[in-house]
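Engineer: The structure that follows is given in the form of structure tokens.
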Amino acid sequence: MREFDLMLKDYRLTTAEIFYHLPDHPHVLQSYVWQEYDLAPRYPELHKFLDFWSHNLEGTLHSVYVTSTKPFRPGSWRYAEVSLRVH
């Protein structure tokens, strides 16, 4: 139910693909996928995570690619007149 409440507050499911340099092999890039509900376009949760990363983890950030879904609106609900069950 937490996700539904967040979507009603215009949060979007946000996915970030983070590329970073391996600490032992700085010429090699590694990928990490982060996913959380966040507010677009400022993305405060993502910024908190990236700030934590840059201060506490050894892998230097190279680039971040962000995608997010459109916010869910209560007005987009539609009533279904027919419900069918197939065995």
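Readers should treat all values here as calculations from the given coordinates under stated rules, not as data from a laboratory. Everything quoted here is computed from the prediction, not taken from an experiment. Positions of Cβ are generated from backbone atoms using ideal geometry, with glycine treated the same way; all protein chains shown enter the neighbour counts.
Engineer: If we count other beta carbons within 10 Å of each Cβ, what is the order of Glu58, Glu81, Glu45, fewest first?
Structural biologist: Ranking Glu58, Glu81, Glu45 by Cβ neighbours within 10 Å, fewest first, gives Glu81, Glu58, Glu45.
Engineer: Relative contact order (percent) for region 14-69, with alpha-carbon contacts under 8 angstrom and 6 or more residues of separation? Before the final figure, lay out each step's value.
Structural biologist: Working: 80 pairs, mean separation 28.1, N = 56.
Relative contact order of region 14-69: 50 percent.
Engineer: Now a separate question. Please list log₁₀ I(q)/I(0) at q = 0.24 Å⁻¹ for region 14-69, using the Debye equation with identical point scatterers on the alpha-carbon positions.
Structural biologist: -0.94
Engineer: Then there's this: Can you sort Val66, Val28 by how many other beta carbons sit within 10 Å, fewest first?
Structural biologist: Val28, Val66
Engineer: Select from region 5-75 those trypsin sites (Lys or Arg not before Pro) which occupy a DSSP coil region and have at most 14 other Cβ atoms within 10 Å, ordered by residue number.
Structural biologist: Hits after loop and neighbour filter: Lys9, Arg42.
Engineer: Amide H neighbours of Ala40 under 5 Å, counting only residues 5+ apart in sequence or on other chains, H built in-plane at 1.01 Å?
Structural biologist: Correct list: Arg12.
Engineer: What full-extension length gain, to one decimal in nm, is calculated for His27 and Phe4 as 0.36 nm per residue of separation minus the Cα-Cα distance?
Structural biologist: Stretched out fully, the His27 to Phe4 stretch lengthens by 4.1 nm.
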